[in-house]
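Here the structure is laid out as structure tokens; the discussion comes afterwards.
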Amino acid sequence: MTGPVLAVDQGTSGTKALVICPERGVLGTGFTAVRPRHLPGGLVEADPAELYDSVVDAGRQALAEAAEPVVALGLANQGETVLAWDPDTGRPLTDALVWQDRRAETVCAGLAAHGEELRELTGLPLDPYFAAPKMAWIRRHRTTEGVVTTSDAWLVHRLTGAFVTDAATAGRTQLLDLDRAEWSPRALDLYGLAGERLPEVVDGARPVGTTTAFGAGIPLTGLAVDQQAALLAQRVTAPGGAKCTYGTGAFLLAHTGDTPRRGGSGLVSCVAWRLAGHISYCLDGQVYTAASAVRWLTDLGVITGAADLDTVGATVPDSGGVTFVPAFAGLAAPWWRGDLRGSLTGLGLDTGPGHLVRALCEGLAAQVAELADAAADDLGTPLDVLRVDGGLTRSALLMQTQADLLQRPVEVSALPDATALGAGALARLGATPGLALADALPDWRPSAVYEPRIDADQAAERRARFRSAVTALLDGAPA
């Protein structure tokens with residue numbers, strides 16, 4: 001099947017839509033912001049109606065700009081955001097608990113004795129970041145009515161009437177048997193969710209249903225969780241490569257082939273995608289706050305936005321001894337200490353905005369470097385290169401810092417919307433029988449390549465300083 005496809009990336013802070021033609025590239029774009037509510041105690045909620053409306057609005061914008069029909073729709077989702085809803089009417093029964101929300105810590109605490117069993121079964125550590133603890137919390141504290149699922153299942157139902165989730169998104173719940181990519185009766189039992197009606201787990205590229213939400217009927221043929229969609233668009237489809245997306249958080253994924261890796265590094269082992277019944281796996285590491293940490297500096301008035309990182313950072317040669325652990329929503333992989341908060345140490349009366357900017361860039365880059373090292377440990381071989389995408393890759397300071405601390409080249413994708421492009425590739429694959437995966441993917445090329453400018457000893461020294469600050473947080477002592 002030839003012709004353009006509509007690709008929609010429903011993200012934490014907004015929904016991006018692209019109309020993509022295999023020959024002519026992006027023909028139309030749309031964006032609609034969403035505004036999650038950050039409440040005391042680590043609570044983060046979103047209005048489900050706002051999520052759905054953003055999908056429709058952004059999609060219609062892209063279609064209007066393209067001014068030509070599309071043959072298929074692909075949808076990428078946030079992964080671990082959940083809500084309860086009525087399967088008969090589609091009406092939400094709760095707000096959506098966003099992936100950053102920490103309220104399910106009590107659920108995890110109650111399952112601490114089963115943490116290792118759940119990790120072996122599902123590939124995921126016990127943490128309220130994932131969907132199952134939030135689902136169980138909703139059942140205990142909000143409602144026992146309807147169904148409780150990740151946000152994608154609700155969006156797909158609203159669009160098409162189908163009740164499905166793709167294997168990669170299901171793998172973000174801690175309810176999926178990692179080896180079989182099927183719901184795990186044991187995990188459901190542990191979470192008290194054994195009687196739940198759950199969506200059918202399907203391939204990421206296949207006809208699901210047809211939607212008229214954008215006007216004329218469009219077949220929905222591609223489904224993906226956001227980070228795996230970006231991994232696909234970056235053409236990391238075999239072991240040895242990794243990508244990192246710098247969005248609200250920063251997420252590093254490394255492909256591990258057709259076998260899940262359950263190493264001891266602290267990374268998550270999960271489904272990358274399931275296509276034509278064949279499962280590919282990846283390792284996943286998370287930094288909970290990236291662009292959201294930049295927004296924190298902006299809200300303080302240190303900078304006016306992400307575009308200031310390079311100009312303000314250029315006013316000083318280094319961080320001036322300041323060390324920043326930007327764990328505003330806790331530390332994820334490889335530490336898994338969501339209860340911790342960030343630290344900013346080494347401040348002096350001579351500390352200025354430039355030092356804070358450089359310290360933030362170094363803190364973000366150091367966390368990603370820790371994830372890359374952990375992935376290499378689990379794979380048993382170093383990563384050759386890191387491919388990166390997302391809004392913060394526009395910062396030359398951050399990308400150079402990343403290359404310096406990683407001691408590997410960093411290739412910045414020329415594709416600014418990798419997640420949507422990955423969803424579009426899956427839509428094309430699902431709509432075109434016999435199409436090869438490589439032929440469905442966008443051409444990949446770097447817009448810039450950053451090589452390390454410092455030697456290994458300097459990188460090790462800077463990373464050791466960051467690790468010391470993290471250790472102080474873990475020990476509960478001032479850095």
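A protection proxy built from the mean count of other Cβ atoms within 10 Å ranks the segments 103-112, 242-251, 320-329, 71-80, most packed first, as 71-80, 242-251, 320-329, 103-112.
Kirkwood radius, the chain, all distinct C-alpha pairs, inverse of mean reciprocal distance: 22.3 Å. The long axis of helix 48-66 is offset from the longest Cα principal axis of the chain by roughly 80 degrees. List every residue whose amide H lies under 5 Å from the amide H of V202, counting only residues 5 or more places away in sequence or on a different chain, with H placed 1.01 Å from N in the peptide plane. Counting only residues 5 or more places away or on other chains, the set is T165, D166, A167.
Overall dimensions of segment 5-234, expressed as equivalent-ellipsoid semi-axes from the Cα gyration tensor (√(5λ), whole Å, largest first), are 30, 18, 16.
Label zone of H141 (point 7 Å out along Cα→Cβ, amide N under 13 Å): in segment 268-287 this covers no residue at all.
The Cα center of segment 426-459 and the Cα center of segment 293-340 differ in position by 27 Å. Look at H141, H255, H278 and count the other Cβ atoms within 10 Å of each Cβ; fewest to most, that gives H278, H141, H255. Among the DSSP beta bridges whose two residues both lie in the chain, what percent are antiparallel, rounded to the nearest 5? In the chain, DSSP labels about 75 percent of beta bridges as antiparallel.
Packing, taken as the mean count of other beta carbons within 10 Å per residue, orders the peptides 168-174, 439-445, 382-388 from highest to lowest as 168-174, 382-388, 439-445. Where a ≥ b ≥ c are the square roots of the eigenvalues of the C-alpha gyration tensor, would you call segment 88-187 rounded, which needs a/c under 1.5, or, failing that, prolate if a/b is larger than b/c, or oblate? Verdict is oblate for segment 88-187. Distance between the C-alpha centers of segment 31-82 and segment 346-372? Whole Å please. Comparing the Cα centres of segment 31-82 and segment 346-372, I get a distance of 32 Å.
To the nearest 10 degrees, how steeply does helix 418-431 sit against the main Cα axis of the chain, on a 0 to 90 scale? For helix 418-431, the angle is close to 20 degrees.
A short reminder: the numbers here are calculations on the coordinates, not readings from a lab. Predicted model only: the values in this text are computed from it and were never measured. Neighbour counts are summed over all protein chains in view; Cβ atoms, including those assigned to glycine, are modelled from backbone coordinates with ideal geometry.
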